[in-house]
Amino acid sequence: MPVSAAALAESLGRVPPSCGPVRLVAVDGHAGSGKSTFADWLARGEVPVVHLDDVATHDELFGWTRRLRATLLEPLARGADAEVPVYDWVARRFGPAVRVPCAPLVLIEGVGAGRAALRPYLARVLWMDVDQETAGAAGRLRDGPELDAFWARWTRAEREHFAADPTRPFAHATVSRRTGGYAITPGPRAVLDPDFSDTA
(Lines give C-alpha, C1' and ligand atoms only; values in the text may rest on other atoms or scores of the structure.)
Protein backbone atom coordinates (compact mmCIF):
# COMPACT_ATOMS: atom_id res chain seq x y z
CA MET A 1 0.00 0.00 0.00
CA PRO A 2 1.22 3.54 -0.68
CA VAL A 3 2.57 5.37 2.34
CA SER A 4 1.45 8.88 3.24
CA ALA A 5 3.94 11.73 3.12
CA ALA A 6 3.17 12.68 6.71
CA ALA A 7 3.76 9.15 8.00
CA LEU A 8 7.03 8.78 6.09
CA ALA A 9 8.27 12.16 7.29
CA GLU A 10 7.37 11.18 10.85
CA SER A 11 9.34 7.95 10.49
CA LEU A 12 12.37 9.81 9.15
CA GLY A 13 12.08 12.26 12.01
CA ARG A 14 12.63 9.42 14.48
CA VAL A 15 16.05 8.40 13.17
CA PRO A 16 19.15 9.79 14.92
CA PRO A 17 20.50 13.14 13.68
CA SER A 18 23.33 12.80 11.19
CA CYS A 19 24.59 16.33 10.49
CA GLY A 20 24.74 18.25 13.74
CA PRO A 21 21.12 18.39 14.96
CA VAL A 22 19.80 17.66 11.45
CA ARG A 23 18.51 14.41 9.98
CA LEU A 24 19.77 14.86 6.43
CA VAL A 25 17.99 12.49 4.03
CA ALA A 26 19.17 11.95 0.46
CA VAL A 27 16.86 11.19 -2.46
CA ASP A 28 19.00 9.79 -5.26
CA GLY A 29 18.33 8.11 -8.58
CA HIS A 30 18.77 8.55 -12.30
CA ALA A 31 17.96 11.84 -13.98
CA GLY A 32 14.28 11.89 -14.84
CA SER A 33 13.33 9.31 -12.19
CA GLY A 34 11.10 11.69 -10.24
CA LYS A 35 13.40 12.70 -7.39
CA SER A 36 12.28 16.32 -7.25
CA THR A 37 8.60 15.39 -7.43
CA PHE A 38 8.98 12.82 -4.66
CA ALA A 39 11.04 15.14 -2.45
CA ASP A 40 8.50 17.95 -2.80
CA TRP A 41 5.68 15.46 -2.07
CA LEU A 42 7.47 14.26 1.05
CA ALA A 43 8.32 17.79 2.20
CA ARG A 44 4.71 19.00 1.92
CA GLY A 45 6.00 22.56 2.07
CA GLU A 46 7.14 21.95 5.66
CA VAL A 47 10.57 20.31 5.27
CA PRO A 48 13.49 22.14 3.62
CA VAL A 49 14.57 20.63 0.30
CA VAL A 50 17.98 21.19 -1.31
CA HIS A 51 18.00 20.55 -5.06
CA LEU A 52 21.37 19.50 -6.47
CA ASP A 53 20.38 21.02 -9.82
CA ASP A 54 20.96 24.32 -8.01
CA VAL A 55 24.45 23.24 -6.95
CA ALA A 56 25.82 21.58 -10.09
CA THR A 57 27.06 23.63 -13.06
CA HIS A 58 27.72 23.09 -16.76
CA ASP A 59 31.38 22.55 -15.96
CA GLU A 60 30.83 20.59 -12.74
CA LEU A 61 28.02 18.15 -13.32
CA PHE A 62 29.33 16.06 -10.43
CA GLY A 63 32.26 18.10 -9.14
CA TRP A 64 30.26 20.02 -6.55
CA THR A 65 31.06 18.12 -3.35
CA ARG A 66 33.46 20.69 -1.89
CA ARG A 67 31.02 23.54 -2.55
CA LEU A 68 28.12 21.64 -0.99
CA ARG A 69 30.19 20.79 2.06
CA ALA A 70 31.17 24.43 2.58
CA THR A 71 27.76 25.98 1.96
CA LEU A 72 25.40 23.34 3.38
CA LEU A 73 26.95 20.51 5.36
CA GLU A 74 29.36 22.44 7.55
CA PRO A 75 26.84 25.12 8.62
CA LEU A 76 24.18 22.51 9.43
CA ALA A 77 26.73 20.45 11.34
CA ARG A 78 27.41 23.54 13.50
CA GLY A 79 23.69 23.97 14.13
CA ALA A 80 23.49 27.05 11.89
CA ASP A 81 21.28 27.89 8.94
CA ALA A 82 22.94 27.44 5.55
CA GLU A 83 23.12 29.75 2.53
CA VAL A 84 23.42 27.73 -0.69
CA PRO A 85 24.15 29.66 -3.92
CA VAL A 86 21.80 28.76 -6.78
CA TYR A 87 23.26 28.16 -10.24
CA ASP A 88 21.45 29.81 -13.16
CA TRP A 89 21.60 27.31 -16.03
CA VAL A 90 20.61 29.96 -18.59
CA ALA A 91 22.98 32.73 -17.46
CA ARG A 92 25.69 30.15 -16.64
CA ARG A 93 26.56 31.76 -13.32
CA PHE A 94 25.53 31.60 -9.68
CA GLY A 95 22.75 33.85 -8.51
CA PRO A 96 21.50 34.69 -5.03
CA ALA A 97 21.77 32.02 -2.37
CA VAL A 98 18.78 30.22 -0.92
CA ARG A 99 18.51 29.92 2.84
CA VAL A 100 18.28 26.39 4.23
CA PRO A 101 17.16 26.41 7.86
CA CYS A 102 18.80 24.12 10.37
CA ALA A 103 15.64 22.06 10.75
CA PRO A 104 15.22 18.65 12.39
CA LEU A 105 14.72 17.08 8.93
CA VAL A 106 16.25 18.32 5.66
CA LEU A 107 15.98 16.62 2.27
CA ILE A 108 18.68 16.73 -0.39
CA GLU A 109 17.64 15.48 -3.80
CA GLY A 110 19.49 14.97 -7.04
CA VAL A 111 21.75 12.60 -8.90
CA GLY A 112 24.63 11.82 -6.58
CA ALA A 113 22.88 12.89 -3.38
CA GLY A 114 23.84 9.56 -1.83
CA ARG A 115 27.45 9.60 -3.01
CA ALA A 116 30.21 8.25 -0.78
CA ALA A 117 31.55 11.68 0.19
CA LEU A 118 28.15 12.71 1.57
CA ARG A 119 27.10 9.50 3.30
CA PRO A 120 28.83 10.34 6.62
CA TYR A 121 26.40 13.28 6.87
CA LEU A 122 23.28 11.34 5.84
CA ALA A 123 20.70 9.81 8.15
CA ARG A 124 19.05 7.86 5.34
CA VAL A 125 19.52 7.29 1.61
CA LEU A 126 16.42 6.76 -0.53
CA TRP A 127 16.75 5.48 -4.09
CA MET A 128 14.16 6.07 -6.81
CA ASP A 129 13.53 2.65 -8.32
CA VAL A 130 13.52 3.62 -12.01
CA ASP A 131 16.13 2.34 -14.47
CA GLN A 132 18.31 4.79 -16.39
CA GLU A 133 16.70 4.17 -19.78
CA THR A 134 13.16 4.76 -18.52
CA ALA A 135 14.18 7.75 -16.42
CA GLY A 136 16.18 9.30 -19.24
CA ALA A 137 13.29 8.96 -21.67
CA ALA A 138 11.01 10.74 -19.20
CA GLY A 139 13.58 13.49 -18.70
CA ARG A 140 14.07 14.06 -22.41
CA LEU A 141 10.32 14.23 -22.93
CA ARG A 142 10.04 16.75 -20.10
CA ASP A 143 12.87 18.97 -21.35
CA GLY A 144 12.17 18.85 -25.08
CA PRO A 145 14.44 18.28 -28.11
CA GLU A 146 16.35 21.54 -27.61
CA LEU A 147 18.19 19.87 -24.72
CA ASP A 148 19.04 16.62 -26.53
CA ALA A 149 22.74 17.54 -26.78
CA PHE A 150 22.88 18.27 -23.06
CA TRP A 151 21.12 15.00 -22.27
CA ALA A 152 23.64 13.04 -24.35
CA ARG A 153 26.49 14.62 -22.37
CA TRP A 154 24.66 14.18 -19.08
CA THR A 155 23.86 10.52 -19.69
CA ARG A 156 27.53 9.71 -20.26
CA ALA A 157 28.55 11.63 -17.14
CA GLU A 158 25.86 9.99 -15.02
CA ARG A 159 26.82 6.52 -16.19
CA GLU A 160 30.47 7.20 -15.34
CA HIS A 161 29.52 8.62 -11.94
CA PHE A 162 27.43 5.65 -10.84
CA ALA A 163 30.00 3.19 -12.18
CA ALA A 164 32.64 4.77 -9.95
CA ASP A 165 30.44 5.80 -7.02
CA PRO A 166 27.17 3.83 -6.92
CA THR A 167 24.37 4.83 -4.57
CA ARG A 168 21.82 2.04 -4.87
CA PRO A 169 23.89 -0.57 -2.96
CA PHE A 170 23.93 1.84 -0.01
CA ALA A 171 20.25 2.79 -0.06
CA HIS A 172 18.25 2.25 3.10
CA ALA A 173 15.06 2.07 1.04
CA THR A 174 13.86 2.23 -2.55
CA VAL A 175 10.93 4.34 -3.68
CA SER A 176 8.43 3.24 -6.33
CA ARG A 177 5.60 5.26 -7.79
CA ARG A 178 2.23 3.60 -7.23
CA THR A 179 -1.33 4.60 -7.92
CA GLY A 180 -2.22 7.10 -5.23
CA GLY A 181 1.33 7.80 -4.09
CA TYR A 182 4.58 5.97 -3.37
CA ALA A 183 5.61 2.62 -1.94
CA ILE A 184 8.72 2.17 0.17
CA THR A 185 10.70 -1.08 -0.08
CA PRO A 186 13.65 -2.04 2.13
CA GLY A 187 16.94 -1.25 0.42
CA PRO A 188 20.23 -3.15 0.48
CA ARG A 189 21.43 -1.45 3.68
CA ALA A 190 18.41 -1.05 5.97
CA VAL A 191 14.70 -0.35 6.25
CA LEU A 192 13.00 2.84 7.33
CA ASP A 193 10.20 1.38 9.38
CA PRO A 194 8.43 -2.00 9.17
CA ASP A 195 5.15 -0.17 8.60
CA PHE A 196 6.46 1.16 5.28
CA SER A 197 7.90 -2.06 3.88
CA ASP A 198 6.17 -3.06 0.67
CA THR A 199 7.62 -6.18 -0.88
CA ALA A 200 4.67 -7.04 -3.09
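The values are calculated or read from the model by the stated rules, or taken from the named source; none is laboratory data. Computed from a predicted structure; not experimentally measured. Here Cβ is always computed from backbone atoms with ideal geometry, including for glycine, and neighbour counts include all displayed protein chains.
Would you check if S33 is among the hydroxyl-bearing types (S, T, Y), in contact with a helix residue (DSSP H, G or I) (Cβ under 9 Å, 6 or more places away or on another chain), closer than 21 Å to A163 by Cα and modelled with pLDDT of 95 or more? Against the criterion (among the hydroxyl-bearing types (S, T, Y), in contact with a helix residue (DSSP H, G or I) (Cβ under 9 Å, 6 or more places away or on another chain), closer than 21 Å to A163 by Cα and modelled with pLDDT of 95 or more), S33 qualifies. Apart from one condition, T65 fits all of (1) surrounded by 17 or more Cβ atoms within 10 Å (Cβ to Cβ); (2) in contact with a Leu (Cβ under 8 Å, 6 or more places away or on another chain); the exception is (1).
Pairing each residue of the range 47-73 that is more than 18 Å from R23 (Cβ to Cβ) with any residue that is among the aromatic types (F, W, Y) and at pLDDT 95 or above, provided the two are 6+ apart or on different chains, yields C-beta distances under 6 Å for D54/Y87; V55/W64; A56/W64; T57/Y87.
If the condition is being under 19 Å from V111 (Cβ atoms), touching a Gly at 6+ places or on another chain (Cβ under 9 Å) and among the hydrophobic types (A, V, I, L, M, F, W, C), then the range 74-95 contributes only V86.
Considering A152, A135, the condition of being of a type outside the set (S, T, Y) and within 17 Å of the chain's Cα centre (by Cα) is satisfied by A135 alone. M128 meets each of the listed conditions (1) touching a strand residue (DSSP E or B) at 6+ places or on another chain (Cβ under 7 Å); (2) of a type outside the set (V, I, T); (3) farther than 21 Å from D53 by Cβ apart from (3).
Taking first residues from the range 148-166 that are β-branched (V, I, T) and partners that are surrounded by 12 or more Cβ atoms within 10 Å (Cβ to Cβ), the Cβ contacts under 9 Å between residues at least 6 apart in sequence or on separate chains come to T155/A31; T155/Q132; T155/G136. Count of the range 18-30 residues, restricted to those that are surrounded by fewer than 23 Cβ atoms within 10 Å (Cβ to Cβ) and either free of Cβ contacts under 8 Å to residues at least 12 places away in the same chain or within 20 Å of G187 (Cα to Cα) (or both), is 2. Taken together, P75, P120 contain a single residue that is closer than 29 Å to E10 by Cβ, loosely packed, with under 13 Cβ neighbours inside 10 Å and at pLDDT 95 or above, which is P120.
When each of V22, V3, V49 is tested for being closer than 15 Å to A103 by Cβ, over 13 Å from the mean Cα position of the chain (by Cα) and among the aliphatic types (A, V, I, L, M), the lone residue that passes is V22. Set side by side, the residues W151, W89 differ, and just one is surrounded by fewer than 16 Cβ atoms within 10 Å (Cβ to Cβ) and aromatic (F, W, Y), which is W89.
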